[in-house]
1. Need the failing condition index for Thr100 against (1) surrounded by 20 or more Cβ atoms within 10 Å (Cβ to Cβ); (2) free of Cβ contacts under 8 Å to residues at least 40 places away in the same chain; (3) under 14 Å from the mean Cα position of the chain (by Cα), just the number.
2. Select from segment 159-186 the residues that are in contact with a strand residue (DSSP E or B) (Cβ under 9 Å, 6 or more places away or on another chain), more than 21 Å from Thr48 (Cβ to Cβ) and part of a helix (DSSP H, G or I) and list them in ascending order.
3. When the residues of segment 131-154 are narrowed to those that are assigned to a loop (DSSP other than H, G, I, E, B) and out of contact with any strand residue (DSSP E or B) (no Cβ under 7 Å at 6 or more places or on another chain), which ends up surrounded by the most Cβ atoms within 10 Å (Cβ to Cβ)?
4. Based on what the data block shows, is Ala157 within 15 Å of the ligand (Cβ to nearest atom), within 21 Å of Asn139 (Cα to Cα), surrounded by 11 or more Cβ atoms within 10 Å (Cβ to Cβ) and touching a residue at least 40 places away in the same chain (Cβ under 8 Å)?
5. Is it the case that segment 28-40 has a residue that's near the ligand (Cβ under 8 Å from one of its atoms), buried (at least 20 other Cβ atoms within 10 Å of the Cβ) and either hydrophobic (A, V, I, L, M, F, W, C) or without any contact (Cβ under 8 Å) to a residue 40 or more places away in the chain (or both)?
6. Of everything in segment 47-69, what is of a type in the set (Val, Ile, Thr) and either in a loop (DSSP other than H, G, I, E, B) or more than 19 Å from Gln126 (Cβ to Cβ) (or both)? Give them in sequence order.
7. One residue is enough: does segment 17-27 have a residue meeting the conditions of a type in the set (Val, Ile, Thr), within 18 Å of Val173 (Cα to Cα) and within 16 Å of the ligand (Cβ to nearest atom)?
8. Go through (1) in contact with a strand residue (DSSP E or B) (Cβ under 8 Å, 6 or more places away or on another chain); (2) away from the ligand (no atom under 16 Å from the Cβ) one by one and return the number of the condition Ile70 breaks.
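The values are calculated or read from the model by the stated rules, or taken from the named source; none is laboratory data. For clarity, every value in this text was computed on a predicted model and none was experimentally measured. Heads up, the Cβs are rebuilt from the backbone with ideal geometry, glycines too, and the neighbour counts pull from every protein chain shown.
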Amino acid sequence: MLEVDHLQMSFQGQEVIKDATFTLEPGDLVHITGPNGCGKSTLFKAITGIYQATGGKCTLGEKDEIGALIENPGFLEFADLKSNLSFLAKLKHEFDYNYTQTFCQRLGLDLASKQRMSKYSIGMRQKAGIIQAVMEKQNVILLDEPSRGLDADSLLAFADLVNDLAKEGRSVVIASHDQVPGINYNKHYVLEQGVLTQNEN
Ligand SMILES: Nc1ncnc2c1ncn2[C@@H]1O[C@H](COP(=O)(O)OP(=O)(O)OP(=O)(O)O)[C@@H](O)[C@H]1O
């Protein structure tokens, strides 16, 4: 699905990612942890092509599609949730209202609400960012600090959601320094001093 092979990323000679190597199989639920500033967001930006990697390579299967939430998601601030999500979906696909609604219901957002995004709380924006990463049936899902701003019930709903995505054979990679209880990770990595290392536990 996705092969990340000795990926490197430097900025003006400063090496942030020295060696990141991992492979994603269908249904993998992967946790990448590491201290602030270790390069988790940079790794996702290099995988998605927002940044051009300075070394190594990423190979995505022909039929595979990446959905990503990286840092603070940007929205059309004066438009409501449905306008924002349908705008994003239509860049590549048809907007599937009913399918998207299932994710909104699971995370406690109202897809029919006329409230503009500028009035959304940090947690609500985060949920909208998670939903846009999965609503087009993307099968390689990269979530950077997805639990930011989520309350206790929403964290449980989020854990259920990602566990279900993995059961469907979609692969989810979560980068975070905190733990979300209830996520059934099958692989753990640590990013430290630019090197991504797999942990057995
Ligand atoms: N466009 C850029 N230009 C220069 N340096 C950058 C750029 N993007 C990221 N960096 C540097 O890369 C390093 C890693 O940043 P990154 O945001 O990837 O860390 P992180 O692990 O996601 O941090 P956090 O846990 O705090 O979110 C930082 O030192 C940052 O300053």
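1. It fails just one condition, (3).
2. Scanning segment 159-186 gives a single hit, Asn163.
3. Here is the first cut: in segment 131-154, the residues assigned to a loop (DSSP other than H, G, I, E, B) are 135-139, 145-151.
Within this subset, residues satisfying the condition of being out of contact with any strand residue (DSSP E or B) (no Cβ under 7 Å at 6 or more places or on another chain) are 135, 137, 147-151.
Numbers: Met135: 23, Lys137: 13, Ser147: 19, Arg148: 16, Gly149: 14, Leu150: 21, Asp151: 11.
Here the residue is Met135.
4. Values: within 15 Å of the ligand (Cβ to nearest atom): no; within 21 Å of Asn139 (Cα to Cα): yes; surrounded by 11 or more Cβ atoms within 10 Å (Cβ to Cβ): yes; touching a residue at least 40 places away in the same chain (Cβ under 8 Å): yes.
Considered against the rule, which asks whether it is within 15 Å of the ligand (Cβ to nearest atom), within 21 Å of Asn139 (Cα to Cα), surrounded by 11 or more Cβ atoms within 10 Å (Cβ to Cβ) and touching a residue at least 40 places away in the same chain (Cβ under 8 Å), Ala157 comes out as no.
5. yes
6. Initially, segment 47-69 is screened for residues of a type in the set (Val, Ile, Thr), giving 47-48, 50, 54, 59, 66.
Selection gives Ile47, Ile50, Thr54, Thr59.
7. yes
8. (2)
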